[in-house]
Structure formats: C-alpha cells, structure tokens
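Enquirer: Take this structure, written in structure tokens, and hold onto it; I'll ask about it next.
Bear in mind that the values in this text are calculations on the coordinates, not laboratory data. Since the structure is predicted, the reported quantities are computational estimates derived from the model, not experimental observations. For neighbour counting, all protein chains shown are included, and Cβ atoms are generated from backbone atoms with ideal geometry for every residue, glycine included.
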Amino acid sequence: MSATVTLQQLTDQLEALEAEAAEAISAAADAEALEQLRVGLLGKKGRLSGVLGAMGKLPGNERPLVGQRANVLKTQVQSLLGERLLAVKQAAMEARIAAETLDVTAPPLGVPMGHRHPLISTTEEIVDLFCGLGYQVEEGPEVETDHHNFTALNIPPDHPARDMQDTFYLKDNLLLRTHTSPVQIRHLETNPPPVRIVAPGRVYRRDAVDATHSPVFHQVEVLAIDEGLDFSHLRGTVMAFLKAFFGDLPVRFRASYFPFTEPSAEVDVQWRGRWLEVMGCGMVDPAVLEGLGLDPERWSGFAAGLGVERFCMVRHGIDDIRRLYTSDLRFLEQF
C-alpha cells in the first residue's frame, strides 16, 4: 500500500473484499475451509485488519466513514460464515444418513445358530442315561398339594423335615413343589408296579440366593418299584449312572436320613482331589408303599435324586450358580 491513501481507495478495497469474501464463502466445502477463511478475513492479521490499519493515514473526519463501512462488512462476513457452516454441516449429516441407511425391509443375511442352555443339555444327558437303563420319563405339576409334596412321602404336618424344605405356599392347600418326588406319588397312584421312572423338573425352596443356592432350581429323581429289589440294585444303578456321567471316579456312600427312604445315603464323588456330594438315595420306606396301597412284603424299591445345577457346575467348572440364570450371552456362548 502506498504511503498515502485516500478515502476512495479504502472504500474500493472494502467493496472488493466484500465480493471476494462472499464468493469464497459460498465455495467453501467444509468447516475446516470456512475456519481458514474466517482467520484470513477477520483475524488479527487478516485482510480486514489490514484495511483498518491503513485508516490511520486518513484525515480525522474521514476515519469514521471507513470504520462504519468496515463494521458492516465484518457483520456481513460473520453472517455468511455462519450460514455456510450450518449448510455444510447439514449436507454432511444428510450424506452420512444416506450412506448409513439400513433397509429394515431387506431379508437378513444370516441368523446366528442358537444352542441349548447348559442346564437343559445337562438335564437331557442325565435323563438319556437313565432311559438307557430302562427308565421312562414322567412329569408333573409344579404347583402341588400338601399331600403329594409332603404327607404321602411320610412327612406329616409338624415333621422337622418340612423346615429343611420350606417352600412358597399358595392359597388353601397348594404350594410350589420342593422336589420332584410328588411325580413318583402321582405315577404310583395310577400305575401299579413294577415301575421304573425318571422325573426331571423345576422345584422351589425358600433358600437365600448365594453362589451355591437358589430359590428356584432343577432336579432329576428316579424311582424303581419291583419284587425283590434291594440296596445292591440301588448301588449298581447309581454307580453305572455316575460312571457314565463323570467317568471312572471314586464314589462313596454315606449313611444319611430322608423321611421317605430307609435306609438312606448321600453319594459323593472324588472331584479334583476332594469329596463332593452329588446325590441322595435310599430304599423306599415301607410306610410310603403302604400309604399307596402297596404290600411292602411283596414290593420294594429305591429312589435317588440329584440337583441338575450341581452336576452342570461340576461338569463345566462353573463357580457361581447365579451365572446360570442371568441370560448373559458372554457366559452362555461358551457352551
């Protein structure tokens, strides 16, 4: 710029700058280009600042005219920059939406194959093993009567065993079953011996939830009633089942107590260096047979029961029973 400037020269520069700014802003393709234009036009070292810097060489009465025109230009440029930035962002969003559009009417490319829950697969394996030993599957209602769940199994009212199997009571004489033994009672009421049944199903007890207990869990029970059955038949059946499920592991029987069997035993397997309780069993108590109208002098039998969750946790090395109920795919996809 020459050493001397006139009002007309500065006015012409502002007019030219206005036209150039409008054209450059309208041609800017993105926000980064607009920011560069803003700095080049309105920054401390921008073109508008250069014009205003030369304003000091004008006579005092002409300076306000240039300053007023420069302020109008600054406002116009800021407005154009804002409008163009909004338009650029809108265009970018529309392009992104168009590129990422999902056609929900299109058929899926593929559906992931599901598989059985580990509790279901464990139950099926247990039931299959007993079916291979000649047992048939029987099922019954989860809402039971007090008679079928307790009294018919030699657990009369006020019997201490009821405390160990405290359950959820419904109206009148109904409750949620605490074991699948009622299925055995219902079957014997309508089917005379000999019988060999396996009864899988969901059961309920008022247990506090922790790593090894749940108020809702699953059982499988077996019952055999025939002439001449004794404890050796029970032991042989249990040993054959455990060997098929766990492999050739050490097994021991410990004397125990159940109201509906006599004698009774707990069954342990030696798993990873320690004894682990896995089943309860025993010979059917004669009082149960008499209650069903069966002659205990002629008929004898045995029963055994196990918790599916325990077998599943041992088989797969699961450390917390609650993992089986959370429906967490990160856990379930491992099986």
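Enquirer: Once you charge only the Cβ atoms, +1 for Lys and Arg and -1 for Asp and Glu, what is the size of the charge dipole of the range 237-335 about its Cα centre, to the nearest 20 debye? Walk me through the intermediate numbers first.
Expert: Details: 11 positive and 14 negative charges, 100 e Å.
Here the size comes out at about 480 debye.
Enquirer: Okay, next question. Pick out, in residue order, every one of the trypsin sites (Lys or Arg not before Pro) in the range 121-201 that is DSSP loop and has at most 12 other C-beta atoms within 10 Å; say none if there are none. Could you put the intermediate results ahead of the total?
Expert: Values: sites: 162, 171, 177, 186, 196; in loops: 171, 177.
When the trypsin sites (Lys or Arg not before Pro) of the range 121-201 are filtered for loop state and at most 12 Cβ neighbours within 10 Å, 171 remain.
Enquirer: Where in the chain are the helices, taken as whole DSSP H runs, whose Cα atoms extend 18 angstrom or more along the long axis and whose Kyte-Doolittle mean reaches at least 0.5?
Expert: Helix filter hits for the chain: 118-132, 231-246.
Enquirer: Right, something else. Report the semi-axes of the equivalent ellipsoid for the range 239-335 in whole Å, largest first, where each axis is √(5λ) for an eigenvalue λ of the Cα gyration tensor.
Expert: Equivalent ellipsoid semi-axes, largest first: 33, 17, 11 Å.
Enquirer: To the nearest Å, what is the center-to-center distance of the range 23-96 and the range 103-124, using C-alpha atoms only?
Expert: 60 Å
Enquirer: Give, in nm to one decimal, the length gained when the segment between residue 171 and residue 239 is fully stretched (0.36 nm per residue of separation minus the Cα-Cα distance).
Expert: Details: separation 68, 0.36 × 68 = 24.48 nm, distance 4.16 nm.
Between residue 171 and residue 239, full extension yields an extra 20.3 nm.
Enquirer: Want the number for residue 65 to residue 256: 0.36 nm per residue separation, take away the alpha-carbon distance, what's left?
Expert: Separation in residues times 0.36 nm, less the Cα-Cα distance, equals 57.9 nm.
Enquirer: Which of 335, 245, 150, 260 comes first, and how do the rest follow, when ranked by fewest Cβ neighbours within 10 Å?
Expert: Listing 335, 245, 150, 260 from fewest to most nearby Cβ atoms yields 335, 245, 260, 150.
Enquirer: Excluding residues fewer than 8 places away in the same chain, name every one of the aspartates and glutamates whose C-alpha is closer than 17 Å to that of residue 44.
Expert: Candidates past the 8-residue exclusion: 35.
Enquirer: A further question on this structure: Given R₀ = 45 Å, FRET efficiency for residue 210-residue 297 by Cβ-Cβ distance, to 0.05?
Expert: Between residue 210 and residue 297 the formula returns 0.50.
Enquirer: Assign one of three labels to the range 136-275, namely rounded, prolate or oblate, based on the Cα gyration tensor with a ≥ b ≥ c the square roots of its eigenvalues; rounded applies when a/c is under 1.5, prolate when it is not and a/b is larger than b/c, and oblate otherwise.
Expert: oblate
Enquirer: Now for a different question. So what's the range 181-221 giving for Rg/Rh, alpha carbon basis, Kirkwood Rh from the mean inverse pair distance?
Expert: Computed over Cα atoms, the ratio is 1.15.
Enquirer: Loop only per DSSP, at most 14 neighbouring Cβ atoms within 10 Å: give me the trypsin sites (Lys or Arg not before Pro) in the range 212-285, ordered by residue number.
Expert: The qualifying sites are 272.
Enquirer: So if we plug the beta-carbon distance of residue 319 and residue 35 into 1/(1 + (r/R0)^6) with R0 = 56 Å, what FRET efficiency do we get, rounded to 0.05?
Expert: The calculated FRET efficiency here is 0.50.
Enquirer: Would you please give the FRET efficiency between residue 330 and residue 93, computed as 1/(1 + (r/R0)^6) with r the Cβ-Cβ distance and R0 = 30 Å, to the nearest 0.05?
Expert: With a Förster radius of 30 Å, E is 0.30.
Enquirer: Right, here's the next one. For the chain, what is the charge dipole size about the Cα centre, in debye to the nearest 20, if Lys and Arg each add +1 at the Cβ and Asp and Glu each add -1 at the Cβ?
Expert: For this selection, approximately 2040 debye.
Enquirer: If you don't mind, another one. Let me have the 222 nm mean residue ellipticity of the chain computed from DSSP H runs of 4+ only, each contributing -39500 (n - 2.57), with the sum over all residues rounded to the nearest 500.
Expert: Numbers: 12 runs with 146 residues, N = 335.
After summing the helix terms and dividing by residue count, I get -13500 deg cm²/dmol.
Enquirer: Write down the percent of antiparallel bridges among all DSSP beta bridges whose residues are both part of the range 118-332, to the nearest 5.
Expert: Taking every DSSP beta bridge with both residues in the range 118-332, the antiparallel ones total about 95 percent.
Enquirer: How are the Cα pair distances of the range 7-99 distributed, in percent, across 5 Å bins from 0?
Expert: 2, 13, 23, 20, 14, 10, 7, 4, 3, 2, 1, 0
Enquirer: Arranged by the count of other C-beta atoms within 10 angstrom, fewest first, what order do 131, 312 take?
Expert: On the way: 131 13, 312 23.
Final ranking by Cβ density, sparse to dense: 131, 312.
Enquirer: When a footprinting reagent is the concern and you count Cβ atoms within 10 Å, what order do 105, 167, 212 take, fewest first?
Expert: Going from least to most buried by this count: 105, 212, 167.
Enquirer: In nm, what is the difference between 0.36 nm times the number of residues separating residue 6 and residue 270 and their Cα-Cα distance?
Expert: Net length gain for the segment: 84.5 nm.
Enquirer: For the chain, take the convex hull of the Cα atoms, compute a quarter of its surface area, and give me that in nm², please.
Expert: 33.8 nm²
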